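In what follows, a structure is listed as structure tokens, so that the remarks can point back to it.
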Amino acid sequence: MIPHTTAGTSHVAAELYHAFQQINEGDVTELAERIMKANRVYVAGAGRSGLMGRAFAMRLMQLGIPVYVVGETVTPAIKTGDLLVIGSGSGETPLLVAFAQKAAALQVEVALITLSAHSMIGRIADYTVKLTGARKDQQDAGISLQPMGSLYEQTLLLFYDVVILSLMQKLEMDTNSMYANHANLE
């Protein structure tokens, strides 16, 4: 076990920097364009990847993009013309596989952000972005000092944030204009 030290902090920062450098600008642009073309965007993920997806959905909403988080009680039926964005390190989470299969059967475009492009969801998805990181089952493979899927989840959030920056540019919005949609019942 590595104690909390400056060396540990430096190592984690180096992992994040390396992972961030691996983000493909073309993937950022492509996902942003798919989001812009979609009637509505649905975001799905399980566990901590789902939390990163919720943060992404919140930013999409603040940009004025019609967005829903899959599984919420107010999420309407998904339809052709919509986009389902799934964040899944393994690409094998059974519930997320079922979402992808259902969306594909309804002729809904599926985008996967993952570590495993050749996974079950990867084979279903219309568009796949492969990120850098260690899956939970690779904890001891030397890929990351961090526990379980932390590096993937952090990289997923960074990727989502860069997509938001791309959308802000395309929509000619800035942080101040996003505040018009920021929660005000707090």
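Here, each number is a calculation from the coordinates, and none is a lab measurement. The structure displayed is predicted, hence computed values, not measured ones. Neighbour counts run over all protein chains shown; Cβ positions are idealised from the backbone, glycine included.
Taken as entire DSSP H runs, the helices of the chain that both span 24 Å or more between Cα atoms along their own long axis and average -0.5 or more on the Kyte-Doolittle scale are 150-170. The modelled label-to-label distance between ALA104 and ASP174, using points 7 Å beyond Cα along the C-beta direction, is 4.4 nm. Dividing the mean sequence gap of close Cα pairs (under 8 Å, 6+ apart) by how many residues the chain holds gives a relative contact order of 23 percent.
Seen from all directions on average, the chain presents a Cα convex hull projection of 11.7 nm².
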